[in-house]
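Everything on this sheet refers to the single structure shown next.
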Amino acid sequence: MGPGPSDVHPRVLSAMARPTVGHLDPTFIGLMDQIKELLQYAFQTSNELTLAVSGPGSAGMETCFVNLLEPGDRVVVCVNGVFGGRMKENVERCGGTALLVEDAWGQEVDPDKVEAALKAHPGVKAVAFVHAETSTGVKSDAMALCEAARRHGALAIVDVVTSIGGIPVMVDAWGADAVYAGSQKCLSCTPGLSPVTFSPRAVEAMRARTGKVQSWFLDLGLVMSYWGGGVKRAYHHTAPVNALYGLHEALLMLKEEGLDRAWARHWTHHLALRDGLEAMGLHFLVAKPHRLPQLNTVFVPDGVDEAAVRSRLLDRHGIELGAGLGALAGKVWRVGLMGQSSTVSNVLLFLTALETILAEMGAPIVVGAAVPAAMAAEHLP
Ligand SMILES: *Cc1c(COP(=O)(O)O)cnc(C)c1O
């Protein structure tokens, strides 16, 4: 119940234990074609250039930046947490200039500030932002931010690592151009793969490059000789065959459940957790309209050693929480309800365990109210 990896379903684990075949085996190529279709569903896109990068979410992030940017490009980078900060690093390492639009940790990215930055700096190449900031549990308005980018002729680069599978990710409806995700958050696969998708506009921008992509491994022009080669696929790198079996199975499970139902499940369990924590007397960092159901950031009660609570939860109950990052270190817990970890039983076990531990420590909480609040009929079936 931390910020990922989330629990991996036994179906995914056993898919990964299937015999390893060659990365050019016709059976495997058929499976890759299915992965592409399933990813198009998860991203809600018809983008042709949709694949899983062989590397964690950070590799997907880097794939977007290195393929689109050339030295001298300027990018509006929205920073309201850890991952926006990494986007700035990426822009600078590509030889670009990051024009920062900063919002406080726990606040959403302000579309008005982005609009103002685009007006002040005509001709920027892209606007980059994180849809679901895992370091704080805040959701930003992807539709408004992509629209602002498009109005000013800039590409929209969007991080949906934590959002995909948990809250609506609508790549085509947003008009997003370069989007990267992760396997281990709400998709509940093992860590190490990064689904990415690129709009025709982004593909156009890659074709118009004058210089080589600085990374050989992440150069999509080369990667696509493998992923996009149809029956004439050529070796680029050895695909992580068994990891892709796992991603295929996790995406199949998402398709079977249906995106609408997966989003509703995350929301319902968030409401139960929220009402339980608030009944206990705890408070959320993020204002209600901008909260992520899959990542709940709550303040640690006064006088409580937050790390001691986390180790008791882990030792006694096998529950892992995320700690606060940056200025929030020691002040908050990050409670994940991602993918297969988003269940009623996890919510109830966590509330019971947390209440017991906080009461033992003499923390100023309300005892006995959390579970009944969480189980209120309007939330749970
Ligand atoms: C986890 C995460 C990443 C990085 O993913 P890794 O798989 O750890 O490389 C990037 N962005 C966001 C919003 C994340 O939550």
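The values are calculated or read from the model by the stated rules, or taken from the named source; none is laboratory data. This is a predicted model, so every value here is computed, not measured. Backbone-built Cβ (ideal geometry, glycine too); neighbour counts: all protein chains shown.
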How many residues of the stretch 78-124 are acidic (Asp, Glu), within 19 Å of Asp141 (Cβ to Cβ) and free of Cβ contacts under 8 Å to residues at least 40 places away in the same chain? The answer is 5
Going by the structure shown, is Gly84 in contact with a Cys (Cβ under 6 Å, 6 or more places away or on another chain) and either more than 12 Å from the ligand (Cβ to nearest atom) or closer than 26 Å to Gly324 by Cα (or both)? yes
The condition of being more than 17 Å from Ser194 (Cβ to Cβ), surrounded by 18 or more Cβ atoms within 10 Å (Cβ to Cβ) and out of contact with any Gly (no Cβ under 8 Å at 6 or more places or on another chain) holds, among Arg265, Arg261, only for Arg265
All-but-one check, Val213 against (1) of a type outside the set (Lys, Arg); (2) closer than 25 Å to Arg291 by Cα; (3) away from the ligand (no atom under 16 Å from the Cβ), failing number (2)
If you go through Ala173, Ala181, the only one that is under 16 Å from Val130 (Cβ atoms) and either within 14 Å of the chain's Cα centre (by Cα) or touching a residue at least 24 places away in the same chain (Cβ under 8 Å) (or both) is Ala181
If we keep only residues of the stretch 128-154 that are away from the ligand (no atom under 16 Å from the Cβ) and crowded, with 20+ Cβ neighbours inside 10 Å, then the residue nearest to the chain's Cα centre (by Cα) is Cys146
Residue hits (the stretch 25-49; among the polar types (S, T, N, Q), crowded, with 17+ Cβ neighbours inside 10 Å and in a helix (DSSP H, G or I)) are Gln40
When the stretch 342-366 is checked residue by residue, the ones that are in contact with a helix residue (DSSP H, G or I) (Cβ under 9 Å, 6 or more places away or on another chain) and small (Gly, Ala, Ser) are Ser342, Ala353, Ala363
For the stretch 52-72, the count of residues that are more than 16 Å from the ligand (Cβ to nearest atom) and either of a type in the set (Asp, Glu) or crowded, with 22+ Cβ neighbours inside 10 Å (or both) equals 4
Determine if the stretch 110-124 includes at least one residue that is under 15 Å from the mean Cα position of the chain (by Cα) and on the phi > 0 side of the Ramachandran plot.
no
Residue set Gly229, Gly211; condition farther than 28 Å from Val344 by Cα, more than 22 Å from the chain's Cα centre (by Cα) and touching a residue at least 40 places away in the same chain (Cβ under 8 Å); output residue Gly211
Being on the phi < 0 side of the Ramachandran plot and outside the structural domain of Ile29 (by TED's automatic domain parsing) narrows Glu278, Glu249 down to just Glu278
Over the stretch 154-188, the set of residues β-branched (Val, Ile, Thr) and closer than 20 Å to Ala205 by Cβ is Ile157, Val158, Val160, Val171, Val179
Quick check on Pro191: is it part of a strand (DSSP E or B) and either modelled with pLDDT of 95 or more or surrounded by 24 or more Cβ atoms within 10 Å (Cβ to Cβ) (or both)? no
Of Leu193, Leu187, the only residue that is closer than 22 Å to Val66 by Cβ, within 16 Å of the ligand (Cβ to nearest atom) and of a type in the set (A, V, I, L, M) is Leu193
